[in-house]
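This report refers to the structure that appears directly beneath it.
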Amino acid sequence: MKTMLRYPLAVAALVAGASFNVLAGLPAGQVDFGKFTPPGDGGQFVEIQINSNLLSLAAQVVEKQQPEAAKLLHGVQLVHVNVVGLTDENRAEMTKRVRQIRHDLDAQGWDHNVVVQGKDGQDVGIYTKTRGGEALAGLAITVIDAKDQVVLINIVGDIRPEQVAALGEKLDIKPLKDIGAALKDTASKDAAPKEETPKEAAPEN
């Protein structure tokens with residue numbers, strides 16, 4: 001049985017298309033990941049798409065008490081999330097598909113900003129698309145967790161990777177929260193001063 005997780009303010013939707021394509025009709029920063037088939041045996045399967053109308057409504061709700069959060073929400077036009085659980089039957093296919101998505105993003109001129117390959121088999125690639133100089137048009141996050149799942153996230157708008165966790169909190173979307181927390185953890189480790197290895201004392205004569 002297919003398992004569909006539901007989140008407040010999230011609209012579950014199927015995304016048409018058998019393969020990844022950046023279509024000419026899509027806005028700058030938007031990615032079409034294609035259509036996914038739920039894994040068998042009740043494996044995890046999540047599809048979320050939140051459009052600009054719902055994001056604008058969410059921004060209005062928090063605007064007075066949380067102006068910074070409202071500003072973040074107003075800057076986003078679309079949030080799309082796919083989570084597909086991995087099984088012995090689909091692991092090779094899904095891994096190949098994510099790598100193809102990354103190849104296509106590179107070919108379409110997206111900037112490959114972050115690469116994280118953990119010892120536990122987690123492989124994270126983060127891409128940004130710029131518009132008119134420094135403004136960001138979109139963010140694409142691709143995650144392969146070899147033991148568990150594939151996660152694909154596309155956020156259209158002026159948002160930076162370090163803001164993903166905050167967006168996930170405001171929309172109450174667990175995949176965004178999890179990825180955002182992982183990115184913060186990685187950034188903290190990279191920023192932490194590295195301990196210098198003490199030099200060996202010169203042998204006494």
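Its Kirkwood hydrodynamic radius, worked out from the mean inverse distance over all distinct Cα pairs, puts the range 32-97 at 14.1 Å. Cross-link pairs exceeding 19 Å between alpha carbons, from the set Lys35/Lys170; Lys64/Lys129; Lys64/Lys170: Lys35/Lys170; Lys64/Lys129. Ranked by the mean number of other Cβ atoms within 10 Å per residue, highest first, peptides 151-160, 165-174, 67-76, 106-115 order as 151-160, 165-174, 67-76, 106-115.
For the range 28-67, the Cα-based Rg and Dmax, in that order, read 16.0, 46 Å. Structural descriptor for the range 45-188: relative contact order 22 percent, calculated from alpha carbon pairs under 8 angstrom and at least 6 residues apart. Legend: P(r) of the range 45-188 from all alpha carbon pair distances, 10 Å bins from 0, whole percents, reading 11, 41, 35, 12, 1.
We did not get these values from a lab; they are worked out from the coordinates using the rules stated. The structure presented is a predicted model; accordingly, all values stated were derived computationally and were not measured. Cβ: placed from backbone, ideal geometry, glycine included. Neighbour counts: every protein chain shown.
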